[in-house]
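A.B. asks: Here it is, the structure, as structure tokens.
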Amino acid sequence: MGVIRKLLAWLSVPLICLFAMVLYVARPFNPDNNRLLGWAVARVGRVLLGMERPLEGRENIPTDRPTVVIANHQHNDDLFVIGDLLPPRTVTVGKSALVWVPFFGQVFWLGGNVILNRGRAHKAVAVMQATASAIARDRKSLWVFPEGTRSRGRGLQKFKKGAFHAAVASGAPITMVCVQQYRDEAIGWRGRRESVAVRVLPPVETEGLAVGDIPELMARCHRQMAEAIATL
């Protein structure tokens, strides 16, 4: 039953994206399209998986100013766990291979999201710095998985610098979304997923910080997230 639930949840993604394509074509590169799509995909996915998602600290997500959101990344199913937490006017960061995923890749591109080539890491920071001007100029928020890859429930991995460069360059606060460690597997004969708790920490202000402050900022955010995850 768990396999069927997971299959249905992931089959719903391209179907929802297909219907969402109308909205994306009607107003291309409007970042609010991503928030609406994330809400639909996450809510439908959790229903199909039979997953509960207790949430603490939603009020800590800024809605009146741009922010750089960082979240821990464990499995592909994170899309269903936290996809409905995007602030208004949010773009996300993904690898270039996502563009070729049927329907999802096309709306990802039309959403104005940041596409990184993982094999050209030396350009990643430059792209994120350029994104910082869009945050300040267009008042967009940015969602990043700073670990850069899935941890598969093995704990919070080392952070990459890109998101922190974007936050410092734009002066936007960093909002930390902490997801409980969970397994990518079903429980019991009904195949439902275990409950996955999420906690949003208060924003960390970056106004006035410089590039030289980034290592300490990264360490502070990593420590706060690790401590929060350990208590979920």
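A.B. asks: Scanning for something surrounded by fewer than 16 Cβ atoms within 10 Å (Cβ to Cβ) and more than 21 Å from Arg152 (Cα to Cα), does the stretch 217-227 turn up at least one residue?
C.D. replies: Yes, the stretch 217-227 has at least one match.
Results for (1) open to solvent by less than 40 Å² (accessible area, probe 1.4 Å); (2) under 18 Å from the mean Cα position of the chain (by Cα), shown as yes or no for each residue.
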| residue | (1), (2) |
| --- | --- |
| Pro146 | yes, yes |
| Ala166 | yes, yes |
| Gln181 | no, yes |
| Gly208 | no, no |
| Val211 | no, no |
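A.B. asks: Sticking with this structure for a sec: Thr90 versus (1) in contact (Cβ under 8 Å) with a residue 60 or more places away in the chain; (2) open to solvent by less than 10 Å² (accessible area, probe 1.4 Å); (3) not hydrophobic (A, V, I, L, M, F, W, C): which is the lone unmet condition?
C.D. replies: Failed condition: (1).
A.B. asks: Please determine, by comparing only the residues of the stretch 146-190 that are of a type in the set (D, E, K, R) and more than 27 Å from Glu52 (Cβ to Cβ), which one is modelled with the highest pLDDT.
C.D. replies: Pass one, the stretch 146-190, residues of a type in the set (D, E, K, R): 147, 150, 152, 154, 158, 160-161, 183-185, 190.
Narrowing further to those that are more than 27 Å from Glu52 (Cβ to Cβ): 158, 160-161.
Details: Lys158: 94, Lys160: 90, Lys161: 89.
Out of the qualifying residues, it is Lys158.
A.B. asks: If you take the residues of the stretch 40-90 that are over 15 Å from the mean Cα position of the chain (by Cα) and among the β-branched types (Val, Ile, Thr), which of them is modelled with the lowest pLDDT?
C.D. replies: Ranking the candidates gives Thr63 first.
The values are calculated or read from the model by the stated rules, or taken from the named source; none is laboratory data. From a predicted model like this one, the values you see are computed outputs, not experimental measurements. A quick note on method: Cβ atoms are made from the backbone with ideal geometry, for glycine too, and the neighbour counts reach across all protein chains shown. All accessible areas refer to the heavy atoms of the entire protein, side chains included, with ligands and DNA or RNA removed. Shrake-Rupley method; radii C 1.70, N 1.55, O 1.52, S 1.80 Å.
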